[in-house]
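Participant: I'd like to ask you about the structure that follows.
The values are calculated or read from the model by the stated rules, or taken from the named source; none is laboratory data. Since the model is a prediction, treat every value here as computed from it, not as a measurement. Every residue, glycine as well, gets a Cβ built from its backbone with ideal geometry; the counts of neighbours run over all protein chains shown.
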Amino acid sequence: MKSQAELYRELPSVDELLRSVEIAELVQREGQVAVADACRAVLARLRAEITAGYLDNERLRVAIANMQEAVQKELEQSLGYSLRPVINATGVILHTNLGRAPIAGSAFEHMGETAGAYSNLEFDLVAGERGKRDVHVDRLFRKLLSEDTVELRSTGRVRASAPTQSVPESAVSTIVVNNNAAAVLLALNTLAEGGEVIVSRGELVEIGGSFRIPDVMGKSGAILREVGTTNRTPVADFESAITERTRLLLRVHRSNFEITGFTEQPSVKELVALARKHNLPLMEDLGSGALFDLSAVGIQNEPGVLDSLRSGVDVVTYSGDKLLGGPQAGLISGREDLVKSMRGNSLFRALRVDKLVYAALEATLLAYVKREYSAVPTLRMMQTPKDEITRRAEAVVAEINLADKSVRPTPHDKSVLPTPHLQAGLVDGESLLGGGSAPSSTLPTTVIALTCYSLSAAELAARLRASDPPVIARVEEGRVLLDLRTVFPEQDEVLTKVLVRAATP
């Protein structure tokens, strides 16, 4: 057996590789600089494997023989996009790690139209002079946030909110910043810089990415005045904390956790009355923020933006890429005079969004205005009935089991292992909204359960992630679970092919 030093000498140089016929073809297609870098990366990896003792004479010979394939793969990884589409089979609709809400087709079409050319982003076509970028979506928010009722998709049902009168269209305005943390920061800085903001101790939330209400408040220049206890904060605690330094009352929706048992929290109605009594603005951070009635899909006690505004909340902050189903954005809706002051804050320019976000948001809001809710993927996934998911899952499982039978041994075939490589079945399950929305609410679904004789559940999940396209699934109780609620129907065929490949030994 050769020593490590001898194995190192077996490796070709970068120049030798570049002169080889096979690698020269890659140079013609991809350029010498990129191919040379790929060769160096492959050789460095082989040296590391020799050092670690992973390569002996024979294995190194095979690796060198397959050098072109290794360099080609390295090129694909280095020159390809790092940000890639994946198939989300987790059943978590607003999966933060997978980009949260997928946007509507009309949204990215509108983005292409306006981003691929010049646009009237800040130009008034009528007046022929500079305009404001807010107008493209503020006009739609005014329509959506000033209606008397919330019409539910296709059912014809209408739910009235209390109080029954609408928010006057002229009384509500909306501005857009880059995410909800920025929305909270801008609102607090504008309304309460140098003064106190009263908030319940049980609402000092932290969400993913280390977004903490106390930290954002500190950066805004406002002073936190927490009242009550973790589980109980009556409205009297708010009132007793009000002083001449108080600038704002803040209510934060517990979007990603619940407190149960011996609890008390002021109602929106109580806080509105208290704010009016002391002539203070009331702000509510909804986090997710829905523009439609979630009770239509069986999700209760998740407040909507319109509910808060109708109840008398002065300013509401929420996200664009959660329950709204649009692009990442922070939205501030509320009293026109307060929103106007935020628009004039110098922070607004630092936090504002670009034409791509406005285009995607405008298209998403138009779908709401037109009642084309099925055009918004997030809403469509929420409203997909369980029996439809079951039918799709049955078709996928049938294909997997058919592929599995094709590799089972015949009585005269001893080369194929007698145990099926992959077993697929259907079980009842639950889909989640995700994204810090309605943490205890679930949607009934049917999931595909996979088990493999030669791989653990974690290994099978890793194989699916390494597929093209990557498939992201859940692992529970030794099984890989796939929920088609979050898989687009047009992806079913591709998903089936990936799973069939996984069924092949």
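Participant: Anything in segment 266-303 that is of a type in the set (D, E, K, R) and surrounded by fewer than 23 Cβ atoms within 10 Å (Cβ to Cβ)? List them, or say none.
Facilitator: Passing the criteria: Lys269, Glu270, Arg276, Lys277, Asp293, Glu302.
Participant: I've got another one for you. Quick check, is Leu338 assigned by TED's automatic domain parsing to the domain that holds Ala360, at pLDDT 95 or above and not in a loop (DSSP other than H, G, I, E, B)?
Facilitator: The answer is yes for Leu338.
Participant: Continuing with this model, one more query. Give the residue, chosen from Val216, Val272, Val197, that is outside any strand (DSSP E or B), touching a helix residue (DSSP H, G or I) at 6+ places or on another chain (Cβ under 9 Å) and modelled with pLDDT of 85 or more.
Facilitator: Val272
Participant: Determine the pairs where a residue that is under 19 Å from Arg343 (Cβ atoms), located within segment 303-319, has a partner that is polar (S, T, N, Q) and in a loop (DSSP other than H, G, I, E, B) with Cβ atoms under 9 Å apart, the partner being 6 or more residues away or on another chain.
Facilitator: Correct list of pairs: Leu309/Ser146; Tyr318/Ser288.
Here's the yes/no breakdown for (1) in a strand (DSSP E or B); (2) within 30 Å of Asn301 (Cβ to Cβ):
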residue: Gln423; (1), (2): yes, no
residue: Leu433; (1), (2): yes, yes
residue: Thr451; (1), (2): yes, no
residue: Leu455; (1), (2): no, no
residue: Ala458; (1), (2): no, no
residue: Pro469; (1), (2): no, no
residue: Leu482; (1), (2): yes, yes
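Participant: Would you check which residues across segment 313-322 are more than 10 Å from the chain's Cα centre (by Cα) and crowded, with 24+ Cβ neighbours inside 10 Å and list them?
Facilitator: Val313, Val315, Val316, Thr317, Tyr318, Ser319, Gly320
Participant: Out of Leu356, Leu306, report the one residue that is in a helix (DSSP H, G or I), among the hydrophobic types (A, V, I, L, M, F, W, C) and surrounded by fewer than 24 Cβ atoms within 10 Å (Cβ to Cβ).
Facilitator: Of the residues listed, the single one that is in a helix (DSSP H, G or I), among the hydrophobic types (A, V, I, L, M, F, W, C) and surrounded by fewer than 24 Cβ atoms within 10 Å (Cβ to Cβ) is Leu356.
Participant: Then there is this: So, in segment 309-335, exactly how many residues are assigned to a helix (DSSP H, G or I) and either among the charged types (D, E, K, R) or touching a Phe, Trp or Tyr at 6+ places or on another chain (Cβ under 7 Å) (or both)?
Facilitator: Looking only at that region, the number is 1.
Participant: With respect to the numbered conditions (1) within 30 Å of Ala296 (Cβ to Cβ); (2) touching a helix residue (DSSP H, G or I) at 6+ places or on another chain (Cβ under 7 Å), which one is the sole condition not fulfilled by Val475?
Facilitator: Every listed condition holds for Val475 apart from (1).
Participant: Within the set of pairs 6 or more residues apart or between chains, which connect a residue that is farther than 9 Å from Thr445 by Cα inside segment 387-398 to a residue that is modelled with pLDDT under 95 and outside any helix (DSSP H, G or I) with Cβ atoms less than 6 Å apart?
Facilitator: Val397/Ala424
Participant: Also: Conditions: (1) within 27 Å of Glu122 (Cα to Cα); (2) of a type in the set (D, E, K, R); (3) touching a Pro at 6+ places or on another chain (Cβ under 9 Å). Lys340 meets all but one. Number of the miss?
Facilitator: (3)
Participant: Thr229: modelled with pLDDT of 75 or more, under 17 Å from Leu250 (Cα atoms) and either in a loop (DSSP other than H, G, I, E, B) or not assigned by TED's automatic domain parsing to the domain that holds Ser267 (or both), yes or no?
Facilitator: Considered against the rule, which asks whether it is modelled with pLDDT of 75 or more, under 17 Å from Leu250 (Cα atoms) and either in a loop (DSSP other than H, G, I, E, B) or not assigned by TED's automatic domain parsing to the domain that holds Ser267 (or both), Thr229 comes out as yes.
Participant: Considering only residues of segment 38-81 that are in contact (Cβ under 8 Å) with a residue 40 or more places away in the chain and crowded, with 18+ Cβ neighbours inside 10 Å, which is nearest to Gln4 (Cα to Cα)?
Facilitator: Selected residue: Ile50.
Participant: Being more than 28 Å from Val268 (Cβ to Cβ) and either out of contact with any Gly (no Cβ under 9 Å at 6 or more places or on another chain) or touching a residue at least 40 places away in the same chain (Cβ under 8 Å) (or both) is the requirement here; does Val357 meet it?
Facilitator: yes
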